[in-house]
1. Quick one: which of Ile282, Ile252, Ile302 is within 30 Å of Arg221 (Cα to Cα), more than 22 Å from the chain's Cα centre (by Cα) and in the same structural domain as His157 (by TED's automatic domain parsing)?
2. From the residues in the range 482-498 that are part of a loop (DSSP other than H, G, I, E, B) and at pLDDT 95 or above, which one is nearest to Ser355 (Cα to Cα)?
3. Assuming Val162 fulfils every condition listed in (1) closer than 30 Å to Val57 by Cα; (2) among the β-branched types (Val, Ile, Thr); (3) surrounded by fewer than 20 Cβ atoms within 10 Å (Cβ to Cβ) apart from one, which condition is it?
4. Mind telling me which of the residues Arg218, Arg191, Arg202 ends up being touching a residue at least 40 places away in the same chain (Cβ under 8 Å), part of a strand (DSSP E or B) and assigned by TED's automatic domain parsing to the domain that holds Ile136?
5. Is it true that some residue in the range 463-482 is surrounded by fewer than 18 Cβ atoms within 10 Å (Cβ to Cβ) and either within 17 Å of Leu298 (Cα to Cα) or in contact with a helix residue (DSSP H, G or I) (Cβ under 8 Å, 6 or more places away or on another chain) (or both)?
6. Does Asp131 fit the bill of being in a loop (DSSP other than H, G, I, E, B) and charged (D, E, K, R)?
7. Please specify each residue of the range 421-467 satisfying the condition of being among the aromatic types (Phe, Trp, Tyr) and either free of Cβ contacts under 8 Å to residues at least 40 places away in the same chain or assigned by TED's automatic domain parsing to the domain that holds Ser249 (or both).
8. Given the conditions (1) without any contact (Cβ under 8 Å) to a residue 12 or more places away in the chain; (2) touching a Leu at 6+ places or on another chain (Cβ under 9 Å), report the number of the one that Ser210 does not fulfil.
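The values are calculated or read from the model by the stated rules, or taken from the named source; none is laboratory data. Keep in mind the model is a prediction, meaning the values are calculated, not measured. Cβ atoms come from the backbone with ideal geometry, glycine included; neighbour counts cover every protein chain shown.
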Amino acid sequence: MCDTQFDLNCARGIMMQMKTKRPDRFPSRRCAIHRLAPCVGTAMLLFAAASCELPIVSSPAVDVTGGASSLRVGAAVVSITPEFPVYMAGGLPYRLSLGVHDDLTARAIVLENDSARIALVAVDLIGINYDDVVRIREAIAESISVDYVIVAATHTHNGPDVIGIWSPDVVCATSPYVAFMRERVVEAVLRAAGSVRNATLRVAVGDSGSPPLSRDTRAPRVIDDTLVVWQALDASSGDAIVSCVHYASHPILISTLNFDISGDFPYWLRDALEVGANVGGIDVPALGGICVFFNGALGGRITPANAPKSLDGASVDPAHAGAQAYGLTLAQRASGLLDESGADVEGPIDIRVSSRPIDVRVENAVLNLAMRACFVDRAIRIDRIQSEVGIARVGPLEFFAVPGMLFPELVTGELLTPEGVDYPDAAPERFIRDFASAEIPVVVGLANDMLGYLIPASIWDSAFPYATTDGRPPYGEIVSAGPGTAGVVMSALAELGE
């Protein structure tokens with residue numbers, strides 16, 4: 001007989017495993033997929049009946065063909081550190097914050113010329129739902145006109161749970177923290193827009209060094225080790241307005257047993273590049289201005305590698321020593337790259353933008369149920385949600401706004417099909433380096449949405465027996481909307497880019 005309450009509790013427990021990295025273990029010895037399966041139909045009906053009926057929201061498509069003229073740039077930093085205890089996202093569920101190690105921030109850059117104005121915002125969060133990005137844009141539009149706003153998460157695993165997976169409460173409305181965060185992001189963009197001044201660009205592109213500072217923890221092992229650093233400099237004084245670092249690496253260097261709010265390694269990287277650092281033999285000269293970090297193609301799981309575990313002489317909480325060491329190591333490489341190969345971009349600067357809303361089918365039954373029950377706080381219609389892709393070009397830089405954690409294969413085109421996967425004959429998705437049109441393509445991961453992992457269909461592996469060497473299911477599919485999601489995203493991006 002179907003025990004509905006038991007099955008709903010099991011479903012909740014299964015969702016908790018999405019971020020505990022142990023999808024093979026469930027919170028009760030009596031709770032297993034085969035126990036849940038007979039009652040999925042009943043559970044879905046109850047979830048649907050109890051769901052919040054959140055309104056479907058979407059931003060209109062954007063097409064700004066651009067034009068070259070003098071560049072103006074402004075930047076601003078606003079704290080989004082919670083002012084009250086919050087449940088923390090990533091790793092161990094139900095972690096209630098007990099303190100603050102370092103401030104979380106929304107860092108906004110506004111770039112404009114006579115033809116277009118765009119805003120790039122990095123937030124110290126694990127992700128951000130598209131619904132919230134739409135509301136942020138609507139609030140900005142009440143004060144100023146911006147052609148396109150990209151809000152991207154750094155993916156720290158020690159910030160507030162704005163998605164809903166790691167919190168015990170079912171929230172069928174905007175939570176107090178999310179409302180606070182939205183207001184602060186709007187404030188950051190307005191401040192940045194109010195500070196614009198004539199600027200020049202300096203750009204460097206390379207890699208993180210040998211050995212690289214990231215690794216792929218899932219076979220086939222592919223990384224996108226591209227490191228892009230660019231600066232906007234005051235056209236009169238030459239002082240830095242903003243220094244931007246783009247690199248793909250999970251900010252997971254702080255233990256999941258941590259209960260202090262933290263931005264993980266991006267905090268240390270930004271601080272070092274803004275004011276300088278000299279710790280444990282790592283010397284990072286100050287670049288000045290505001291530093292902004294954007295994550296890249298994180299899928300696979302791309303994690304930090306080949307940096308010290310701690311630095312001699314550092315007076316830092318041991319729980320954060322690894323994050324400091326990695327952040328300073330990456331900062332040193334970013335600064336060195338800019339010094340070695342930074343090139344000034346001759347003006348005037350062309351800015352052009354295009355974006356499209358996309359319709360994503362949520363094939364993942366657990367995520368589908370989670371959205372219907374408001375465990376994941378976003379609107380869903382039947383089995384579909386709204387999301388978005390976008391491309392913003394500024395001179396030689398082409399920013400690809402990817403609404404999730406893209407597998408590096410979908411950047412580089414290195415699609416390898418392990419034996420035993422679910423769809424070995426799947427048609428390959430488009431990849432960014434195939435249709436990028438600017439000199440320097442830049443992946444902005446977790447931009448404007450949190451669709452989880454964007455996995456090529458040809459390596460999708462959710463059916464037993466698994467293609468893994470240890471016979472266990474790979475981590476990734478359980479936090480993906482489905483095997484078709486990457487194809488939808490990449491096809492839409494390719495249409496915009498061509």
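1. Ile282
2. Looking at the filtered set, the residue picked out is Gly484.
3. Result: Val162 fails condition (3) only.
4. Arg202
5. No, the range 463-482 contains no residue that is surrounded by fewer than 18 Cβ atoms within 10 Å (Cβ to Cβ) and either within 17 Å of Leu298 (Cα to Cα) or in contact with a helix residue (DSSP H, G or I) (Cβ under 8 Å, 6 or more places away or on another chain) (or both).
6. So Asp131 does not fit the description; no.
7. Quick first cut of the range 421-467, residues among the aromatic types (Phe, Trp, Tyr) only: 423, 431, 435, 453, 460, 464, 466.
Of everything in the range 421-467, those that are among the aromatic types (Phe, Trp, Tyr) and either free of Cβ contacts under 8 Å to residues at least 40 places away in the same chain or assigned by TED's automatic domain parsing to the domain that holds Ser249 (or both) turn out to be Trp460, Phe464.
8. (2)
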